[in-house]
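S.K.: Encoded as structure tokens, here's the structure I'll be asking about.
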Amino acid sequence: MFQKSDPLLIVHGEIQGRPCYRYAVEELQRILRRLGFAVQGVQSSLAFHHTTLMVTQKGGALKKSSKSGVNGVRDDGYSIQVLDHEILLGAVQEKGILNAVYDLAERWGFVFLLPGEEGEWAPEKMAPLKKGRSVQNPRFPYRGVFWESLEKYVQDYSVEEWLKFYAKLRFNALSHKIEDQPLAEQLGLRLEVGGHGLSQLMPRDLYEKNPEYFRMFQPEDFGGKRLKDSNLCVTNPRAKQVLQSNFRKELKKTEGVHAFHAWGDDLPSGGWCLCSSCRSFSPTDQALLAMGHLSEVAKEFKVRIPVLAYHDTMFPGDQIKASREAFLLFAPRERCYGHALDDSSCPRNRWYLQALKAWEKKFKGINDSHTFEYYFDQILFRGVYPFLPGIILEDMKTYLEHGIECHFALQVAGPAIAPEYNMLVFAKAHWNEGLTENQFIRDLAKAMAPKNSQTWSAYLRERAAIFTSAMRFCGHDTGGYMDYRWLPETTQPFGREITQIYHRSSKELMSSVQKFKKKIKASGSDREKILAKKEILRGEFEAAELKGMAFQQSAVCALAQYHNGGGTPMLKKALGDFRKAVRFLKEARQRANRAGLSEGSWYCAHINSWIRSELEKKISLYEPFCKKTTNFT
């Protein structure tokens, strides 16, 4: 519709004092220039305002109503109207215009894969636009990332590059640091701050003078000892005063944020108080009581307080009500990621879905319920990148059905060695209710590698099937602490079953990577070749990690059988498999290095080191109880 020989006009409304709208205008100019157009910006305040934007050929008609294009638009949704000589973007929020700009860019052929300039792929040939008007509305009012950036371990992209990438994915919510506030406002990202901060609001140095402010580890008839290790005595009125005073100071430093997270300590169980006033309240009721204390202060600052459903607060209590300044933050960290949350065949996820339904009732009439999902969490998934498009798509339907309004997912560090496909499907599905796994894979493959799309599609489908199987966790008891790093000791048949799944997944992934490596053609662009190389190295790393998981699971199952009366033969098997697991973890680390994860990365410095250290300690502990002549290698 536009000829690159003709200059274009961007017609906009008043941008002064409207940072997100101004940024949308600037981004549209930048994108058009990347496509090769000469662009001139024009302000037409009589016809346009901060929720309208037009691109037209020089000399084209500028007679447009400021209300045109917004029928049917809600939240930060938008409309795109394509005519013969102009494109009109309409919205009801400034953020909607920025979202429309990035949608328009993708329609022209841009691909947003990663942060930074190298992660934004401009099309080699600009795709034509279909004439007509379309309306795009988000499925959730708020979507985004709870980001633990770990700057000490991650130097791949800057904070600014990450936040701008989130905007390109049309997210509108972020939890990070108060220092991000000006940039977040510009990008239309509703900012939340904080984390596990409840204990920080009760200074530990008060313990010597006022031990009664702190939790009682056991009831008085069991010694009544108080500890300063975590949380506090939530029923002590003076402790409440200290808590609220310190919280007020924190809120004064963070004015303007949407929510302040001050969760209880990150403990799988315990950590709450058993004094004579607290002992009748469950962990969840104590957490609700603590958040109620904070809500009294939050009301003064018009800020919201999350109530975290997590670990031993997974189910709501029945004694303390939810404050209206609070909202649900549902964090099912130990769920099974090999099944959707509503998959009735998975007993583990049935338990978590029951918890979500219970919380839905608890917060009935109180808006802004959040998820705290883990699709991009490098800690939970021990450094690998499980591709789970089907799980993400099905979960989204479940969360919509049960009252979630802000769909957040945790990102720890970032995809330093290749794109985070889970984040891409998470972003797309927020705007496309009918998106399927096959459609996402097909579209992504065509966008990344037009000349090799079939090879990429086949590989990504195999990758999704392999990891959906490998992430099964459904047979493990919900009462124990576990994740994909700390594979659990179990005497149940599921332990042996999952061991075989890890072995099979490792083999299948390596086979898929080798097949992909052979089929990928040299005819693609340089950026496609770089991406393919990264993908191959990542897959080889993950295959070794899965093999290490197989021997780790086999070892802990044998150790459980030893504890269950299996005798020395089971202990010998456990030690032999622990040694094999350590060997493959060393290999995984080497392959991670080749894939781009340095020795200073989070995976190498922590995840791999943590797991190897635990396994080596078990070898050292149990080895003396086997015969000295036994050869375990």
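S.K.: So if we plug the beta-carbon distance of PHE625 and ALA122 into 1/(1 + (r/R0)^6) with R0 = 56 Å, what FRET efficiency do we get, rounded to 0.05?
M.R.: After rounding, the FRET efficiency stands at 0.30.
S.K.: Around PHE327, which amide H atoms from residues at least 5 apart in sequence, or from another chain, sit under 5 Å from its own amide H, with H modelled in the peptide plane?
M.R.: For PHE327, whose amide H was placed from the backbone, the distant partners under 5 Å are ILE305, VAL307.
S.K.: Right, next: Short version: ³J(HN,Hα) in whole Hz for each residue of the range 556-566, in order, from phi by Karplus 6.51 cos²θ - 1.76 cosθ + 1.60 (θ = phi - 60°), x for Gly and Pro, what are they?
M.R.: Values per residue, Gly and Pro as x: 6, 5, 5, 5, 4, 5, 4, 5, 8, x, x Hz.
S.K.: Okay, moving on. Taking the Cα centre as origin and putting +1 on Lys and Arg beta-carbons and -1 on Asp and Glu beta-carbons, what dipole magnitude results for the chain, to the nearest 20 debye? It would help to have the intermediate numbers written out before the result.
M.R.: Working: 89 positive and 73 negative charges, 282 e Å.
It works out to roughly 1360 debye.
S.K.: Gap in Å between the Cα centre of the range 477-536 and the Cα centre of the range 145-182?
M.R.: 28 Å
S.K.: Per 5 Å bin, what is the whole-percent P(r) computed from every C-alpha pair distance within the range 492-553?
M.R.: Going out from 0 Å in 5 Å bins, the range 492-553 shows 4, 19, 22, 17, 13, 10, 7, 4, 3, 1, 0 percent.
S.K.: Another question, then. Mind checking which of TYR166, ALA550, PRO316 is farthest towards the positive end of the chain's charge dipole, using Cβ charges of +1 (Lys, Arg) and -1 (Asp, Glu) about the Cα centre?
M.R.: Checking the options against the dipole of the chain, the answer is ALA550.
S.K.: Here is a further query. Taking the alpha carbon gyration tensor of the range 97-187, what are the square roots of 5 times its eigenvalues, largest first, to the nearest whole Å?
M.R.: Details: eigenvalues 142, 62, 17 Å².
With the √(5λ) rule applied to the range 97-187, the semi-axes are 27, 18, 9 Å.
S.K.: If R₀ is 45 angstrom, what is the calculated FRET efficiency for the pair GLU185 and GLU212, using the beta carbon separation as r and rounding to 0.05?
M.R.: Values: r = 43 Å, r/R0 = 0.95.
Computed FRET efficiency for GLU185 and GLU212 comes out at 0.55.
S.K.: Using only alpha carbon positions, build the gyration tensor of the range 336-401, then give the equivalent ellipsoid semi-axes as the square roots of 5 times its eigenvalues, largest first, whole angstrom. Provide the component values of the computation, followed by the final result.
M.R.: On the way: eigenvalues 102, 41, 24 Å².
Each semi-axis is √(5λ); the values are 23, 14, 11 Å.
S.K.: When the Kirkwood radius is taken over all Cα pairs of the range 218-279, what Stokes-Einstein diffusion coefficient follows at 25 °C and 0.890 mPa s, in µm²/s? Walk me through the numbers on the way to the answer.
M.R.: Numbers: Rh = 13.6 Å.
The estimated diffusion coefficient comes to 180 µm²/s.
S.K.: Report the label-to-label distance for GLU161 and LYS517 in nanometres (one decimal), using points 7 Å from each Cα along the Cα→Cβ vector.
M.R.: 2.7 nm
S.K.: Now a separate question. Determine, at each q value in 0.12, 0.15, 0.20 (inverse angstroms), the log₁₀ of I(q)/I(0) that the Debye formula gives when each Cα of the range 208-362 is one equal point scatterer.
M.R.: Debye curve over Cα of the range 208-362, log10 I(q)/I(0) at q = 0.12, 0.15, 0.20 Å⁻¹: -0.56, -0.84, -1.24.
S.K.: So, one more: Show the residues, 5+ positions off or on another chain, whose built amide H is closer than 5 Å to the amide H of PHE387.
M.R.: Residues meeting the amide H criterion: PHE467.
S.K.: I would also like to ask the following. Whole number please: convex hull volume per residue, Cα atoms of the range 369-510, in Å³.
M.R.: Values: hull volume 18.3 nm³, N = 142.
In the range 369-510, the Cα hull volume divided by residue count equals 129 Å³.
S.K.: Next up: Given R₀ = 35 Å, FRET efficiency for TRP486-ARG30 by Cβ-Cβ distance, to 0.05? Mind showing how you got there, number by number?
M.R.: On the way: r = 46 Å, r/R0 = 1.32.
In this case the efficiency is close to 0.15.
S.K.: How big is the equivalent ellipsoid of the chain along its three axes, where each semi-axis is √(5λ) from the Cα gyration tensor, reported in whole Å from largest to smallest? Present the calculation step by step, with values, prior to reporting the outcome.
M.R.: Numbers: eigenvalues 400, 240, 75 Å².
Rounded to whole Å, the semi-axes are 45, 35, 19.
S.K.: When Lys and Arg each count +1 and Asp and Glu each count -1, what net charge do the other residues less than 11 Å away from TRP486, Cβ to Cβ, add up to?
M.R.: On the way: positive: ARG382, ARG485; negative: GLU334, ASP483, GLU489, GLU614.
Result for the neighbourhood of TRP486: -2.
S.K.: For the range 190-264, what is the charge dipole size about the Cα centre, in debye to the nearest 20, if Lys and Arg each add +1 at the Cβ and Asp and Glu each add -1 at the Cβ? Before the final figure, lay out each step's value.
M.R.: Numbers: 13 positive and 9 negative charges, 50 e Å.
The calculation lands at about 240 debye.
S.K.: Could you work out [θ]222 nm for the chain from helices alone, using -39500 (n - 2.57) per DSSP H run of at least four and dividing by all its residues? Round to the nearest 500 deg cm²/dmol.
M.R.: Details: 15 runs with 257 residues, N = 633.
Theoretical 222 nm ellipticity from helices: -13500 deg cm²/dmol.
S.K.: So if each residue of separation counts as 0.36 nm, and I subtract the Cα-Cα distance between ARG583 and ASP266, what length gain in nm does that give?
M.R.: Working: separation 317, 0.36 × 317 = 114.12 nm, distance 3.11 nm.
Computed gain between ARG583 and ASP266 is 111.0 nm.
S.K.: Given an 8 Å cut-off on Cα distances and at least 6 residues of separation, report the relative contact order of the range 151-251 as a percent.
M.R.: Relative contact order here is 18 percent.
S.K.: Please list the non-local residues whose amide H lies under 5 Å from the amide H of HIS261, H modeled 1.01 Å from N, same-chain partners needing a gap of 5 or more.
M.R.: Answer set, sorted by chain and number: VAL193, GLY194, GLY195.
S.K.: Roughly how many Å² is the accessible area per residue of the range 263-303, as a whole number, for a 1.4 Å probe?
M.R.: On the way: 1660 Å² over 41 residues.
Dividing the accessible area of the range 263-303 by its residue count gives 40 Å².
S.K.: I've got another one for you. Suppose all protein chains stay in the model; what accessible area per residue would a 1.4 Å probe give for the range 407-478, in Å²? Walk me through the intermediate numbers first.
M.R.: Working: 2240 Å² over 72 residues.
So the range 407-478 comes to 31 Å² accessible per residue, rounded to a whole number.
S.K.: Picking from ALA409, LEU509, GLN181, whose Cα lies most toward the positive end of the charge dipole for the chain (charges on Cβ: Lys, Arg +1; Asp, Glu -1)?
M.R.: Sorting the options by dipole projection puts first LEU509.
S.K.: Follow-up question, since we're still on this one. So if each residue of separation counts as 0.36 nm, and I subtract the Cα-Cα distance between VAL39 and ARG279, what length gain in nm does that give? Each step should come with its number before you reach the end.
M.R.: Details: separation 240, 0.36 × 240 = 86.40 nm, distance 6.82 nm.
79.6 nm is the gain from fully extending VAL39 to ARG279.
S.K.: With θ taken as phi - 60° and the coefficients 6.51, -1.76 and 1.60, list the Karplus ³J(HN,Hα) couplings across the range 370-384 in order, rounded to whole Hz; mark glycine and proline as x.
M.R.: My calculation for the range 370-384 gives 10, 9, 9, 7, 10, 4, 10, 7, 6, 6, 4, 8, 6, x, 8 Hz in order.
S.K.: Residue-wise, which Karplus ³J(HN,Hα) couplings in Hz belong to the range 580-585, taking 6.51 cos²θ - 1.76 cosθ + 1.60, θ = phi - 60°, and x for glycine or proline?
M.R.: So the J values, rounded to whole Hz, are 5, 4, 4, 4, 6, 5.
S.K.: May I pose another question? Express the relative contact order of the range 237-329 as a whole percentage, based on alpha carbon pairs under 8 Å and six or more residues apart in sequence. Working shown, then result.
M.R.: On the way: 111 pairs, mean separation 30.7, N = 93.
Once divided by the residue count of the range 237-329, the mean separation gives 33 percent.
S.K.: I've got another one for you. How high is the relative contact order of the chain, given as a whole-number percent (alpha carbon pairs under 8 Å, six or more residues apart)? It would help to have the intermediate numbers written out before the result.
M.R.: Working: 1190 pairs, mean separation 59.3, N = 633.
After rounding, I find 9 percent.
S.K.: Can you give the Rg to Rh ratio for the range 499-628, taking only C-alpha atoms and Rh from Kirkwood?
M.R.: Here Rg/Rh amounts to 1.11.
S.K.: Follow-up question, since we're still on this one. Restricting everything to alpha-carbon atoms, can you work out Rg to Rh for the range 237-322 with a Kirkwood hydrodynamic radius?
M.R.: Values: Rg = 13.1 Å, Rh = 13.6 Å.
Dividing the radius of gyration by the Kirkwood radius yields 0.97.
S.K.: Hey, another quick one. Sticking with the crude label model, points 7 Å out along Cα→Cβ, report the distance from VAL92 to GLU433 in nm, one decimal please.
M.R.: Once both label points are built, they end up 1.6 nm from each other.
S.K.: Determine the share of the chain's accessible area contributed by carbon and sulfur atoms, expressed in whole percent, with a 1.4 angstrom probe. List each step's numbers first, then the result.
M.R.: Working: 12930 of 26080 Å².
Of the solvent-accessible surface of the chain, carbon and sulfur hold 50 percent.
S.K.: So what's the convex hull volume per residue for the Cα atoms of the range 389-458, in Å³? Write down the numbers at each step before the final one.
M.R.: Numbers: hull volume 6.7 nm³, N = 70.
It is 95 Å³ per residue.
S.K.: I've got another one for you. Charges only on Cβ, +1 for Lys and Arg, -1 for Asp and Glu: so what's the dipole of the range 149-286 about the Cα centre, in debye to the nearest 20?
M.R.: Working: 19 positive and 19 negative charges, 74 e Å.
In debye, rounded to 20, the range 149-286 gives about 360.
The values are calculated or read from the model by the stated rules, or taken from the named source; none is laboratory data. Note that the structure is a prediction, hence the values are computed from the model and not measured. Note that we place each Cβ from the backbone using ideal geometry, even for glycine, and neighbour counts take in every protein chain shown. Each accessible area value is taken on the protein alone, full model and side chains, heavy atoms only, with ligands, DNA and RNA left out. Shrake-Rupley method; radii C 1.70, N 1.55, O 1.52, S 1.80 Å.
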